[in-house]
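Take a look at the structure below.
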Amino acid sequence: MDTSILAGLLNNAALLLAMCLVYDTLSLNYWTTRPKVQGALTGAILGVIGVAVMMNPLYWYPGIIFDTRSVLLSMAGLFFGAVPALVAMGMTAAYRLHLGGS
């Protein structure tokens, strides 16, 4: 395996874990009386994590880019629910459109 590919994968995994640690540190437990607000804020935090992951992709071949965005969004829907996952998907999709992709 090429060392640049391994370095890129480790960079991406480290960034994802660091952002999850920040999320866990800034836990939103005090919003339990407002579940919609908590869902929107959780989605915004996950969206920021997704955009940060997208800023540090792994370029394999020209036109083929790997990042852990799909894993992050899948886990967001599984563990946090529909509203945070939709907010995070909207943020990452908007950033992807901003980059010029479909």
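The values are calculated or read from the model by the stated rules, or taken from the named source; none is laboratory data. All values reported here derive from a predicted model rather than from experimental measurement. Cβ atoms come from the backbone with ideal geometry, glycine included; neighbour counts cover every protein chain shown. Heads up: the accessible areas ignore ligands, DNA and RNA and are worked out on the full protein's heavy atoms, side chains in. Shrake-Rupley method; radii C 1.70, N 1.55, O 1.52, S 1.80 Å.
Below, the figures for the structure above:
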| item | result |
| --- | --- |
| Degrees between helix 69-79 axis and first principal axis of the chain (Cα, 0 to 90, nearest 10) | 30 |
| Within the chain, helix-based [θ] at 222 nm, where runs of 4 or more DSSP H residues each add -39,500 (n - 2.57), nearest 500 | -24000 deg cm²/dmol |
| Radius of gyration, Dmax [the chain; alpha carbons; angstrom] | 14.7, 50 |
| Whether segment 32-77 is rounded, prolate or oblate, judged on the alpha carbon gyration tensor where a/c under 1.5 counts as rounded | prolate |
| Relative contact order %, the chain, counting alpha carbon pairs below 8 Å whose residues are six or more apart | 31 |
| Residue with peak Gaussian network fluctuation, the chain [Cα springs, cutoff 10 Å], from 62, 35, 84 | 62 |
| In degrees, nearest ten, helix 82-99 long axis to first principal axis of the chain (Cα) | 40 |
| On Cα atoms only, tilt of 35-54 relative to the major axis of the chain in degrees | 10 |
| FRET efficiency estimate (nearest 0.05) - Cβ-Cβ, residue 6 to residue 93, R0 41 angstrom | 0.90 |
| Within the accessible area of the chain (1.4 Å probe), percent carbon and sulfur | 70 |
| Residue order for 24, 67 - accessible surface, 1.4 angstrom probe, largest first | 24, 67 |
| Charge context of residue 56, other residues only, Cβ under 11 angstrom, K/R +1, D/E -1 | 0 |
| Computed lengthening from residue 37 to residue 61, 0.36 nm per intervening residue step minus Cα-Cα distance | 4.5 nm |
